[in-house]
Structure formats: structure tokens, C-alpha cells
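First up is the structure itself, then whatever we jot down about it.
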Amino acid sequence: MAISIEQNNSSVNWFNIIVAGIIVIVVFAGTYFLFFKKPELIEVVAPGQFGNITEISKVDFKPQELLQSPEFKVLRQFESTASFPEPGRSNPFSPY
């Protein structure tokens, strides 16, 4: 009677370990960039046409002068205001 003793061959599946490591790294990197990293401010150079905006911002606006001007008084309203019906029924318990 022969007793054969075999050594248990437990090989490590390196592919699964590497894939799991990559997934963990991607999850942690995504979490860091999504929640913890401050976004860089985008520097935009304004075109030369925006120079006129400073002049416009210095204009003194007087609404009373506008309301009293003849151009404003000539304006008319050509549309009527919308009228909305009352929602629901007057007596919700009455039969149809």
C-alpha cells in the first residue's frame, strides 16, 4: 500500500489582484479629484471690445427721467393680461 502525499499547489492569481488594485486606485483617485481637489480657475483674456463696458457702467441711470420722457409715454401695451379661471369646483362634494 502506497501513500502518496502531494503538496497542495495554491497558486496566486496575480491577474485578479492587479485588476482589484487598479479598481481601488481609480476609485480613490476619482474621489480625490471629485471631492477634495480645488479646481483651477480658468483664465480668460477679455477681448478689447469689453473696454466699452467700463464706460457703460459709469452712466448715471435716473428712472424718473426715463418715465417722464416723451419716448416712454408714446409706448403702448398691445397684449392683454391673461385671466386664469378659478381652480377646482365651488363645491367639491356635489355630484357631477
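The values are calculated or read from the model by the stated rules, or taken from the named source; none is laboratory data. Only a predicted model underlies this, so the values are computations on that prediction, with no experimental measurement involved. Backbone-built Cβ (ideal geometry, glycine too); neighbour counts: all protein chains shown.
Within the option set PHE93, PHE72, PHE84, PHE61, being surrounded by 10 or more Cβ atoms within 10 Å (Cβ to Cβ), free of Cβ contacts under 8 Å to residues at least 24 places away in the same chain, aromatic (Phe, Trp, Tyr) and out of contact with any Gly (no Cβ under 9 Å at 6 or more places or on another chain) holds for one residue only, PHE72. Meeting the requirement of 3 or more residues that are at pLDDT 80 or above, the helices (runs of 4 or more DSSP H) wholly within the chain are 14-31, 63-68, 70-74.
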